[in-house]
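Encoded as structure tokens, the structure appears first; notes follow it.
The values are calculated or read from the model by the stated rules, or taken from the named source; none is laboratory data. Being a predicted model, the structure only gives us computed values, none of them experimental. Neighbour counts run over all protein chains shown; Cβ positions are idealised from the backbone, glycine included. Remember, those area values only see protein heavy atoms, side chains included, never the ligands or the DNA or RNA. Shrake-Rupley method; radii C 1.70, N 1.55, O 1.52, S 1.80 Å.
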Amino acid sequence: MANIFEQQVNDFMAKVIAKNPSESEFHQAVHEVVESLIPFVEENPQYKEAKILDRIVEPERVLIFRVPWVDDNGGVQVNRGFRIEMNSAIGPYKGGLRFHPTVNLGILKFLAFEQVFKNSLTTLPMGGGKGGSDFDPKGKSDNEVMRFTQSFMTELFRHIGPNTDVPAGDIGVGGREIGFMFGQYKRLKNEFTGVLTGKGREWGGSLIRPEATGYGAVYFAEEMLKTRGKSFKGTTVTVSGSGNVAQFATQKVNELGGKVVTLSDSSGFIYDPAGIDDEKLEYVMWLKNVKRGRIKEYADKYGCEYVEGQRPWGIKCEVALPCATQNEISEEEAKTLVANGCICVSEGANMPTVPEGVIVFLENEILYGPGKAANAGGVAVSGLEMTQNSMRLSWTREEVDAKLHDIMINIHATCEKYGKKDNGFINYVDGANIGGFVKVADAMLAQGVV
Ligand code: GLU
């Protein structure tokens, strides 16, 4: 960041922090965006006069509600439910629901804020939102998950709708949870509509939606690699996480001739130098999606190394795909990645790199694709699911995958347009922030002070 804007960024952040105390992840997400945007807004005073930045950091609406439910032992449980309706300038609020014990207002506001820019980058007509609960699905029975999600939807249903707000999955919310929520929404509204995305394919879901975030992050990495005349062929890749995003990122890397050597969960990571081929990946999918077990079991089965309590960033690789959660690459880990020869980081997760780590990647001019660009494939196919629901038809796998691929290529081009520096280096952080901002800001200008 050019020094002349530092004071403005600090002043802006002081206001945001005072107004939103103890929401550190939200501060982090806003800071990263305004560092790119303040210089841009100075050059484009129409945004400054209309106070677009002050408006864009203020959610249009925040809903917080009680979610009571009864566990398998007959005990009463209470969780907290949230929906952040951040910005609807370019379409209905759109974004996932996260069920995880760490969920709080600040985390969901950071995710909703990122979603506004991400959704804009897809070029599809979607505003930004996010929601969820501090409910922990880990160790819960299917019946407990059903009772919780039904209670959650019993409040949420009155705030959402296919033209108002369209939730989807995120951490802890997959096909099972979307199914239960869809069933409860339909029952309460007596309406079969595309109110959620990530639905089962027999009842309005899109093909490729489960694959989309992981595939998209790899397509984005492929575009970044191309700018340096490289590809995935013969490349060693480290992946974190072992959920939906990590699984399909691994599958796509395999297809493109790369080798994924790590996966992780909150307990530790596995290191398989031979590579996680499609057969082993099938086991991971069963382990995580059906058995709902721990990644350590992979190491036991295939006799490879398991490192307890650590993340995979110490393993040598050319490409790193963080696909677990926020702040999972520290400054030290970013330095280690670069020192070990990593030239490309494509973020399948939202905000996985701490700000100091981002600086390390940018100063070393590696190919660094921030989440709001690199993982936009998931919500992009959600947008395509909405289109198919409205048209009451469904596209083939090939059609959806081709559209997803095109969207990722386009997002890369937008980042290049807004992020290319005089020396030819593409700063994808600036590119994604400014590229995502322009469309939303212009819509806000056109719609007046609302
Ligand atoms: N939770 C995903 C994301 O972070 C997907 C959201 C959606 O499909 O609406 O973008």
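Restrict the check to segment 418-426 and report whether at least one residue is surrounded by 20 or more Cβ atoms within 10 Å (Cβ to Cβ), touching a strand residue (DSSP E or B) at 6+ places or on another chain (Cβ under 8 Å) and either modelled with pLDDT under 95 or not in a helix (DSSP H, G or I) (or both). Checking segment 418-426: at least one residue is surrounded by 20 or more Cβ atoms within 10 Å (Cβ to Cβ), touching a strand residue (DSSP E or B) at 6+ places or on another chain (Cβ under 8 Å) and either modelled with pLDDT under 95 or not in a helix (DSSP H, G or I) (or both). Collect the residues in segment 200-223 that are more than 13 Å from the ligand (Cβ to nearest atom) and not in a helix (DSSP H, G or I), keeping them in residue-number order. 200, 204, 207, listed by residue number. So, of the residues in segment 169-193 that are charged (D, E, K, R) and in a helix (DSSP H, G or I), which turns out to be surrounded by the most Cβ atoms within 10 Å (Cβ to Cβ)? Among those residues, the one meeting the criterion is 177. Any residue at all in segment 72-82 that is surrounded by fewer than 18 Cβ atoms within 10 Å (Cβ to Cβ), among the basic types (Lys, Arg), over 19 Å from residue 126 (Cα atoms) and over 25 Å from the mean Cα position of the chain (by Cα)? So far as segment 72-82 goes, no, none of its residues is surrounded by fewer than 18 Cβ atoms within 10 Å (Cβ to Cβ), among the basic types (Lys, Arg), over 19 Å from residue 126 (Cα atoms) and over 25 Å from the mean Cα position of the chain (by Cα). Consider residue 107 carefully, then state whether it is in a helix (DSSP H, G or I) and either touching a residue at least 60 places away in the same chain (Cβ under 8 Å) or at positive phi (or both). In short, yes.
Quick check on residue 93: is it surrounded by fewer than 24 Cβ atoms within 10 Å (Cβ to Cβ), modelled with pLDDT of 95 or more and aromatic (Phe, Trp, Tyr)? No. Of all the residues in segment 194-224, those that are farther than 20 Å from residue 118 by Cβ and open to solvent by 30 Å² or more (accessible area, probe 1.4 Å) number 4. When the strands (runs of 3 or more DSSP E) confined to segment 45-99 are screened for residues that are away from the ligand (no atom under 16 Å from the Cβ), those reaching at least 2 such residues are found at 61-70, 76-87.
Checking the conditions here, which among 264, 242 is over 21 Å from residue 149 (Cβ atoms), touching a residue at least 24 places away in the same chain (Cβ under 8 Å) and assigned to a loop (DSSP other than H, G, I, E, B)?
Working: 264 fails: assigned to a loop (DSSP other than H, G, I, E, B).
242 is the lone residue from the list that is over 21 Å from residue 149 (Cβ atoms), touching a residue at least 24 places away in the same chain (Cβ under 8 Å) and assigned to a loop (DSSP other than H, G, I, E, B).
Against the list (1) of a type in the set (D, E, K, R); (2) closer than 20 Å to residue 241 by Cα; (3) open to solvent by 50 Å² or more (accessible area, probe 1.4 Å), the condition residue 397 fails is (2).
Just the residues that are within 21 Å of the chain's Cα centre (by Cα), open to solvent by 10 Å² or more (accessible area, probe 1.4 Å), within 16 Å of the ligand (Cβ to nearest atom) and under 20 Å from residue 65 (Cβ atoms), please, taken from segment 119-159.
So in segment 119-159, the residues within 21 Å of the chain's Cα centre (by Cα) come out as 119-138.
When the remaining residues are screened for being open to solvent by 10 Å² or more (accessible area, probe 1.4 Å), the result is 123-125, 134, 136-138.
Next, from what is left, pick out any that are within 16 Å of the ligand (Cβ to nearest atom): 123-125, 137.
Answer for segment 119-159, where residues must be within 21 Å of the chain's Cα centre (by Cα), open to solvent by 10 Å² or more (accessible area, probe 1.4 Å), within 16 Å of the ligand (Cβ to nearest atom) and under 20 Å from residue 65 (Cβ atoms): just 137.
Conditions (1) touching a Ser or Thr at 6+ places or on another chain (Cβ under 9 Å); (2) free of Cβ contacts under 8 Å to residues at least 60 places away in the same chain; (3) open to solvent by 10 Å² or more (accessible area, probe 1.4 Å); (4) in a strand (DSSP E or B), marked per residue:
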residue	(1), (2), (3), (4)
316	yes, no, yes, no
325	yes, no, yes, no
335	no, yes, yes, no
338	no, yes, yes, no
356	yes, yes, yes, no
359	no, yes, yes, no
378	yes, no, no, no
382	yes, no, no, no
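Within segment 199-216, the residues that satisfy the criterion of being more than 16 Å from residue 256 (Cβ to Cβ) and of a type outside the set (A, V, I, L, M, F, W, C) are 199, 200, 201, 202, 204, 205, 206, 209, 210, 213. On the basis of being within 16 Å of the ligand (Cβ to nearest atom) and either modelled with pLDDT under 95 or of a type outside the set (A, V, I, L, M) (or both), does residue 364 make the cut? So residue 364 fails the test.
Can you report the number of residues in segment 225-243 which are more than 17 Å from residue 270 (Cα to Cα) and open to solvent by 10 Å² or more (accessible area, probe 1.4 Å)?
To start, the set of residues in segment 225-243 that are more than 17 Å from residue 270 (Cα to Cα) comprises 225-235.
Retained after the next criterion (residues that are open to solvent by 10 Å² or more (accessible area, probe 1.4 Å)): 226-231, 233-235.
Summing the residues that are more than 17 Å from residue 270 (Cα to Cα) and open to solvent by 10 Å² or more (accessible area, probe 1.4 Å) in segment 225-243 gives 9.
Considering only segment 365-389, state which residues are out of contact with any strand residue (DSSP E or B) (no Cβ under 6 Å at 6 or more places or on another chain), over 15 Å from residue 198 (Cα atoms) and not basic (Lys, Arg). First the steps, then the outcome.
First, pick out the residues of segment 365-389 that are out of contact with any strand residue (DSSP E or B) (no Cβ under 6 Å at 6 or more places or on another chain): 365-366, 370-373, 375-381, 383-389.
Adding the requirement that they be over 15 Å from residue 198 (Cα atoms) leaves 365-366, 370-373, 375.
Residues satisfying the conditions are 365, 366, 370, 371, 373, 375.
For segment 178-199, the set of residues classified as in contact (Cβ under 8 Å) with a residue 24 or more places away in the chain and within 15 Å of the ligand (Cβ to nearest atom) consists of 181, 194, 195, 196, 197, 198, 199, listed by residue number.
A count restricted to segment 378-401 and to residues that are closer than 11 Å to residue 219 by Cβ and away from the ligand (no atom under 13 Å from the Cβ) stands at 1.
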